[in-house]
Amino acid sequence: MKIYYYTFGCKVNQYETENLRQKLSSQGYETVNEPGCADICIINTCTVTARSDSKFKQLLHRIKRAAPDSMIVVTGCFAQAFPEKAHELDGCHIITGTSKQEIPLLIQEYLRDKKPIIRIGKHEKGEAFQPMENKPSAAKTRAYVKIQDGCDQYCSYCIIPYARGHIRSKPIDELKKEVQGLARGGYKEVVLTGINLCCYGKDFVDGTRLVDAVEAACEVQGIERVRLSSMEPEMLLDEDIELMSRLEKLCPQFHLSLQSGCDKTLKKMNRKYTCAQYKELCLKLRRAFPDCVITTDVMVGFAGETDEDFMQTMEFVKEIGFERVHIFPYSVRKGTAAEKFDGQVQKQVKQQRAQQLEKVCGQIRREFLLSNVGRKVKVLFEKEKGDGFHRGYTMNYTPVAVKQTNDCSWRWQTRTVTITGVEGDFCIAQAEE
């Protein structure tokens, strides 16, 4: 049977879909790229914003039209966070939450009984990290390794703790085994990811922390780079920064979720830091890591955000000088504390603020890329896109493009190049002879 997969949302979701795909492929199922060719369509949902929910429902309608006779499987955060809405979905044959391990068995159950299945288990305190290990894939250059799940922070705007449950971590020996397998498969870079990555190890009793996971990944022969995905800024300890700065394989790129550059707004969001503390962390990282790049997320139009509050955020973004910023308008999520807050900002105002901030961040991004001109850097190249360039990334995730002079691929190769200019969102470079 043929299966079409579609994944919404974060790298954790993508990792879990790939794990599911590998399991089903090992059982004889074939992967296809179009729903119209599929016997089964699996949708892995995200519910971090109302827009995510809307996109999922639009895709569901398209799949029903394109593949009216296919089995439709809905899984992920939407069903877990809003089980009552999941029960209202029409035309779905299997609906399950963020626990995806049962899906191969549920498919077999449906094929046998031909009865719709809705199975959404509840997350419990103390539940174990689900065993999950991805194998090397010829389609990828950079491998993601999920090492943490769940969140106990309960930011006032966020539904994810309800969708993902309490914090839980992948044991170090399982992490190392997975990274070793990826290294044998040819990968040179792994990205450690999780729902709240800095909480890694907090559910262990032996004092294991994120830095221990980083060290374990860096010890694997064949892996040249270890990168960290998004982190919460208040959880990076001075001691951990100092320990990580000694790891030559750790990429000096840190995605520290900011959300707002206004202390009043941060407090309403139930974020656990102030702007001054965030700034101090950025300074520490830039002192500890040469060529450090700091990226972030910023939410505009949170409930009660005034024009003055927004201007504070914009000035703070300029002050920090983020190398890249992901900007998104606040979206009311049912079931969160912020749903009931006064002062909800009009959609048009949110969009205007997002555009205004994007313009500022675009200028900062351009200045950063131009600052690299003349530098000699090492680039790990990825699959060519057929546009006449070899493309890849430096250790600090600066995108680099080198003009192809023949048909040879540079994929998975690390080469030293000199940056000569900037074109769009890429640095242009020349390779050493």
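Based on Cα contacts under 8 Å between residues 6+ apart, the chain shows a relative contact order of 10 percent. The convex hull defined by the C-alpha atoms of the stretch 88-156 has an orientation-averaged projected area of 8.1 nm². Placing dummy labels 7 Å off each Cα toward the beta-carbon, the span from TYR397 to GLN22 is 2.2 nm. The relative contact order of the stretch 142-370 comes to 17 percent, based on Cα pairs under 8 Å that sit 6 or more residues apart.
Ignoring aspartates and glutamates fewer than eight residues from LYS85 along the same chain, the ones with Cα atoms less than 16 angstrom from its Cα are ASP53.
Determine the alpha carbon to alpha carbon distance for each of LYS272/LYS347; LYS11/LYS350; LYS318/LYS359; LYS378/LYS403; LYS11/LYS249; LYS146/LYS385 and list only those over 18 Å. From LYS272/LYS347; LYS11/LYS350; LYS318/LYS359; LYS378/LYS403; LYS11/LYS249; LYS146/LYS385, over 18 Å: LYS272/LYS347; LYS11/LYS350; LYS11/LYS249; LYS146/LYS385. Each distinct pair of alpha carbons in the stretch 376-431 adds a 1/r term; the inverse of their mean, the Kirkwood radius, is 10.9 Å.
For the chain, complete DSSP H runs whose alpha carbons reach 27 Å or more along their own long axis and whose mean Kyte-Doolittle score is -1.0 or higher are 347-370. Would you compute the Debye intensity of the stretch 274-433 from its alpha-carbon atoms alone, equal scatterers and no solvent, and pass along log10 I(q)/I(0) at q = 0.17 Å⁻¹ to two decimals? The computed values of log10 I(q)/I(0) come out as -1.01. Starting from the Cα gyration tensor of the stretch 212-256, take the square roots of the eigenvalues, sort them a ≥ b ≥ c, and report rounded, prolate or oblate (rounded when a/c is under 1.5, otherwise prolate if a/b is larger than b/c, else oblate). Judged from the Cα gyration tensor, the stretch 212-256 comes out prolate (a/c at least 1.5, a/b above b/c).
Note on the chain: with a GNM built from Cα contacts shorter than 10 Å, the maximum mean-square fluctuation among PRO171, PRO233, PRO131 falls on PRO131. Taken over the stretch 1-160, the alpha-carbon convex hull comes to 127 cubic angstrom per residue. Taking 20 Å as the straight-line reach from the Cα of LYS115, the aspartates and glutamates in range (excluding those fewer than 8 positions away in the same chain) are ASP39, ASP69, GLU84, GLU88, ASP90, GLU102.
Whole-Hz Karplus values for the stretch 326-333 come out as 8, 10, 8, x, 4, 10, 5, 10 Hz, taken residue by residue from phi with 6.51 cos²θ - 1.76 cosθ + 1.60 and θ = phi - 60°; glycine and proline positions read x. Computed from Cα atoms alone, the Kirkwood hydrodynamic radius reported for the chain is 23.2 Å.
Within the listed set GLU239, GLU323, GLU215, the residue fluctuating most in the Gaussian network model of the chain (springs between alpha-carbon atoms under 10 angstrom) is GLU239.
For the stretch 2-57, which trypsin sites (Lys or Arg not before Pro) pass both filters: DSSP loop (anything but H, G, I, E, B) and at most 14 other C-beta atoms within 10 Å? Taking the stretch 2-57 and a limit of 14 other Cβ atoms within 10 Å, no loop trypsin sites (Lys or Arg not before Pro) are found. Over the chain, dividing the summed -39,500 (n - 2.57) contributions of all DSSP H runs of at least 4 residues by the number of residues returns a 222 nm mean residue ellipticity of -10500 deg cm²/dmol.
For GLN259, the amide hydrogen comes within under 5 Å of the amide hydrogens of ASP297, VAL298, MET299, counting only partners 5 or more places away or on other chains and with H modelled in the peptide plane. Build a GNM of the chain with springs between Cα atoms under 10 Å apart, and of VAL298, VAL373, VAL214 the one that fluctuates most is VAL373.
Read-outs throughout are calculated quantities, based only on the coordinates presented, and are distinct from any laboratory measurement. These numbers were taken from a predicted model, which means no experiment stands behind them. Here the Cβ is made from the backbone with ideal geometry for all residues, glycine too, and neighbour counts use every protein chain on show.
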